[in-house]
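Below: the structure, in structure tokens.
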Amino acid sequence: MVKARVTGIDVGVSGHVSRMGYVSASPVNDPGVIREFFLIWLDDDQLAAVDATEPNVDRVRLPASEVEIAFEDGGRAPETFVHVNRHGVPHNGDAAPHSHPGQHALITELLRGSAELRRLLGDTPEKFCARARADARLCRRGTRLFAQEGLVTRSGLEHLGVR
């Protein structure tokens, strides 16, 4: 793992309910933002394993012309990959990707905004997590509900091309 300063990527929210009972973070395009991230250097076998075990994402190449990655020693990454959510990302009400405020705050907000989601997964973050962990079908239904209720938008990274 290597710490890097990344220009053009922010932390958004995944457009799916995880089988583990949470709504994960997902990268989103934001040309004006500069964030610090840890990059993980994987060999071909490790990268293939991640691709094979992450059914909700596609790997996209981040060209240096679109996303700048700078290391503490001043070096730059010519390109790298990121996994982009296949289900889109929830928006903040005006079609821009929603930032990730943390699990409790996020799930509270999602439940507050959707009577159907509350009916499906409970009216508190704790109930949401417990029900999602207990039933994969509820996770799939919650994911579909995000799309049906128009809660998701694109991450802005899809255009960069898969693999």
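Annotations for the structure displayed:
- Helical mean residue ellipticity (222 nm; -39500 (n - 2.57) per DSSP H run of 4+; nearest 500) of the chain: -9000 deg cm²/dmol
- Radius of gyration, Dmax [region 2-160; alpha carbons; angstrom]: 16.5, 51
- Summarising the label geometry, the points placed 7 Å from Cα in the beta-carbon direction at Ser99 and His83 lie 2.5 nm from one another.
- Loop-resident sites, region 32-90, for GluC sites (Glu not before Pro), counting at most 15 other Cβ within 10 Å (DSSP): Glu72
- For the chain, built as a Gaussian network whose Cα springs stay under 10 Å, the top-fluctuating residue of Ala130, Ala70, Ala48: Ala48
- All-pairs alpha carbon distance profile, region 43-122, 5 Å steps from 0, percent: 3, 11, 13, 15, 18, 15, 12, 7, 4, 1, 0
- Distance between the modelled labels on Ala130 and Ala64, one decimal in nanometres: 5.3 nm (7 Å Cα→Cβ projection).
- Summarising the label geometry, the points placed 7 Å from Cα in the beta-carbon direction at Arg140 and Asp123 lie 2.9 nm from one another.
- The tail of the calculated P(r) for region 1-94, taken as Cα-Cα distances beyond 20 Å, holds 41 percent of the pairs.
No lab work stands behind these numbers, since they all come straight from the coordinates. Note that the structure is a prediction, hence the values are computed from the model and not measured. Counting neighbours? That spans all protein chains shown, and the Cβs are built from the backbone with ideal geometry, glycine included.
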